[in-house]
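Have a look at the structure below, then the notes.
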Amino acid sequence: MRHNLLILAMLVAAMTVVTNAITADEKALIGKPACDFRLPDVVTGKDVRLSDLKDKVVVVIFYSHTCTFCRNYEARFRQLAADHAGKGISVLAIDSTGRSAKEAAAAWKAKNMGFPLLLDDRARTAAALGATAMTTVCIVNARGNLRYIGAFDDSESGKDIRCRFVADAVAALLIGKTVPLEQTEVYGCLIPLPK
């Protein structure tokens, strides 16, 4: 039993990453056109393209139903989508873990998140947007430029939130202002390298 617990602890440690510093590659992406992706919705099977969402602020959340960090954020993700429904915002989740669409769809349907989960089975979209960990949020403005990459807020658990990075960025973009903080550190499960 103790041996199994040790192996489990080692696996969790290997899957979990704390991104302590913003890389030069990530910094270089801010303000540039976001890569146009075309990914299937795990529930409907229909492709979703970023370019089809022009004239909207697009919030892209890198997510996996097996990531503990993601589960801690689910209620906040759901609330963001509900608060901005019909207000020029599109919220998308992307699973870049390599799981099957069938597995991801079953878990996603049960959660009733209110926005689509797309499958990035080779993690290429994650790499192109500079996402390194599940829970990374990327925000693309109505012109198609990446304006924010980082954490949803400053609380992994959802308690004692002091900074609402995504909400503040979205609010600024909706009124044509500059995003107050364009990059923040991310806590989450490591996204596999692109295949």
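Rule-based calculations on the coordinates, nothing more; no lab input. A quick note: this is a predicted structure, and the numbers were derived from the prediction, not measured. Counting neighbours? That spans all protein chains shown, and the Cβs are built from the backbone with ideal geometry, glycine included.
See the values below:
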{"read-out": "Looking only at segment 69-99, and only at residues there that are of a type in the set (Val, Ile, Thr) and under 15 Å from PHE152 (Cα atoms), the one that is surrounded by the fewest Cβ atoms within 10 Å (Cβ to Cβ)", "value": "VAL91"}
{"read-out": "ALA142 vs. criteria in a loop (DSSP other than H, G, I, E, B) and surrounded by fewer than 21 Cβ atoms within 10 Å (Cβ to Cβ)", "value": "yes"}
{"read-out": "Extreme residue, surrounded by the most Cβ atoms within 10 Å (Cβ to Cβ), among residues of segment 150-181 that are part of a loop (DSSP other than H, G, I, E, B) and of a type in the set (A, V, I, L, M)", "value": "ALA151"}
{"read-out": "Residue within segment 100-119 that is touching a Lys or Arg at 6+ places or on another chain (Cβ under 8 Å), free of Cβ contacts under 8 Å to residues at least 40 places away in the same chain and surrounded by 18 or more Cβ atoms within 10 Å (Cβ to Cβ) present", "value": "yes"}
{"read-out": "Residue match in segment 108-128 (condition: within 15 Å of CYS189 (Cα to Cα), touching a helix residue (DSSP H, G or I) at 6+ places or on another chain (Cβ under 8 Å) and among the aliphatic types (A, V, I, L, M))", "value": "no"}
